1. Any chance segment 155-166 includes a residue that's without any contact (Cβ under 8 Å) to a residue 24 or more places away in the chain and either touching a strand residue (DSSP E or B) at 6+ places or on another chain (Cβ under 9 Å) or not assigned by TED's automatic domain parsing to the domain that holds LEU225 (or both)?
2. Could you run through segment 13-36 and say how many residues are assigned to a helix (DSSP H, G or I), touching a Gly at 6+ places or on another chain (Cβ under 7 Å) and within 7 Å of the ligand (Cβ to nearest atom)?
3. Of all the residues that make up segment 191-218, how many are at pLDDT below 80 and in a loop (DSSP other than H, G, I, E, B)?
4. Has segment 319-342 got any residue that is at pLDDT 85 or above, under 24 Å from the mean Cα position of the chain (by Cα) and closer than 29 Å to ALA127 by Cα?
5. If you go through segment 228-254, how many residues are within 16 Å of the ligand (Cβ to nearest atom) and either touching an Asp or Glu at 6+ places or on another chain (Cβ under 7 Å) or farther than 25 Å from THR29 by Cα (or both)?
6. Which pairs do you get when a residue that is of a type in the set (Asp, Glu), found in segment 178-194, comes within reach of a residue that is modelled with pLDDT under 85, reach meaning Cβ atoms under 9 angstrom, with the pair 6+ apart or on two chains?
7. What's the total number of residues in segment 61-74 that are surrounded by fewer than 24 Cβ atoms within 10 Å (Cβ to Cβ) and at pLDDT 75 or above?
8. Do we find that PHE253 is surrounded by 14 or more Cβ atoms within 10 Å (Cβ to Cβ), under 21 Å from the mean Cα position of the chain (by Cα) and either modelled with pLDDT of 95 or more or in a loop (DSSP other than H, G, I, E, B) (or both) in this structure?
Amino acid sequence: MDRHYQNEIDRRRTFGIISHPDAGKTTLTEKILLFGGAIQQAGSVKAKKAARHATSDWMAIEKERGISVTSSVMKFNYRDFEINLLDTPGHEDFSEDTYRVLTAVDSALMVIDSAKGVEPQTEKLMAVCRMRNTPIVTFINKLDREGMSPLDILHDSEDKLQSECTPLSWPIGMGKRFKGVYNRFGSQLHLFEAGRQTRGGDGIIINDLSDPVLDDLLGSQADQLREEIELLEVAANPFELDHFLNGGQTPVFFGSAINNFGVREMLDAFVELAPHPGDRAALTRDVSPYEAPFSGFAFKIQANMNPAHRDRIAFVRICSGKFTRGMKVMHHRIGKEVTLANATIFMANDRENVDVAYPGDIIGIHNHGTIKIGDTFSEKEPLKFTGIPNFAPEHFMRVHLKNPIKAKQLQKGLIQLAEEGAVQVFRPVRSNGYILGAVGMLQFDVTMARLKAEYGVDAVYEPVGFTVARWVDCENAKKLDEFERKHPNNMAVDAEECLTFLTTSEWQLGYAKENWPDIRFHKTREIN
Ligand code: G4P
């Protein structure tokens, strides 16, 4: 194999940052981009978010609520590493997009607010990472404020996330007494200099904990630190690379993103520990990134900024082979050869046309609705990458058209929005109309806004009694028919014509499961 090609893969790190809203994800992203030289000034990421708002009509909703509905990709270099950082929307009311972005990463960085510990959103995201055993590095943020004790945070995380924690850095005090972090990974101490916290290189570095300078600088906190570190050597879980790589253990770092403290320590360890692109499971076999033929899959579709042209960007994660501009690949779902002439790579501060890209990279392919989430592209071999699921929605709404003349447009709009993954669409088997399903309530507002802006359809939604959905199948077709007949008001088909059982409660679902042991109820469905 070409050395250069192998090296390009080995130095790539493709990861997503996950957190509960307000834990500090945007701030941390910004500091990481500053280290990578991808932006020059703090504030750029937030400013960019604001600028994006102005460019699209349907994103007005985003602006209204002051949150980011879409997620993006940022590419930059750090040391010898080539980083692809995938942003996931952090609002409370998140969508399936967030989940899907996580199917395209090789690792994740989880941000936790030290005062709040593990919050519900983080638990959900963690559950998604666990589905693929994604390795996770944890950053405990806001140590410059009074929060839970570091040990309590570790216990809380182990408890709620069911993952072993191993502290690779350790804070010296917190709140007003926060003096810096001891880097257990690099056996180095980085002290804060009050008032000079804004750049990563600032501060005092001490290489030996027994150095008496430490007592001069920290007073009584010096001995406390020595004791705590000694205790950790004995009591903390030792770091085990394999355990981390298969998702069983998370290395933990402490710091303060806004003060840029502990961020560099975390990032340095992250790039070294986090995996380069690995094998990806396809239906027929596992595909290695080192294989020469190109392959990749679409994990996210974003309506472009110009809704009038129905222009969309499909985000494709490269799984193997080198991408070169103008190359021909098979689009397997539609059985056509396509030329990838107009691919975009997402730089942190701009978009650029891309000439070459490697496994781990994300390229954006412009299209007019031909690409769907889950589509695989490869040079020859018909591959189908797996693990890009539809998630069972948790909220359901019935759509009402204000002007019935627009029924055709409504249908077209809903089908396209479902293909894009903006919302799930169900058609009840026994009645007319559409039921929308979503993982986050916000998806409904986005869908209505987009129906109006892009399809000229004035629609509203109203609650429908369902709260649970499961895709159903059965080896015995007769049994499935019987099940369908016995539950006429609960059956629907999704946009891919897959049979779905909608119920009003978990209890009702449990009841059905008990009475119909042959029927299989699925919480996720692989996208066809
Ligand atoms: P998010 O993307 O996870 O939602 O969080 P974001 O970075 O926007 O941070 C949420 C709030 O927490 C912001 O304050 C931010 O300044 C603050 N923050 C981030 N890191 C730290 C930290 O290390 N220490 C402290 N004390 N605060 C931190 P805000 O007032 O909501 O916004 P802003 O006015 O600063 O923009």
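The values are calculated or read from the model by the stated rules, or taken from the named source; none is laboratory data. Everything numeric here is computed off the predicted structure, so don't read it as measured data. So basically every Cβ, Gly included, is an ideal-geometry build from the backbone, and we count neighbours across all protein chains shown.
1. yes
2. Number satisfying all stated conditions: 1.
3. Of the residues in that region, 12 qualify.
4. Among the residues of segment 319-342, at least one is at pLDDT 85 or above, under 24 Å from the mean Cα position of the chain (by Cα) and closer than 29 Å to ALA127 by Cα, which makes the answer yes.
5. Residues in segment 228-254 being within 16 Å of the ligand (Cβ to nearest atom) and either touching an Asp or Glu at 6+ places or on another chain (Cβ under 7 Å) or farther than 25 Å from THR29 by Cα (or both): 1 in total.
6. Within 9 Å, the pairs are GLU193/ASP202; GLU193/GLY203; GLU193/ILE204.
7. Of the residues in that region, 1 qualify.
8. In short, yes.
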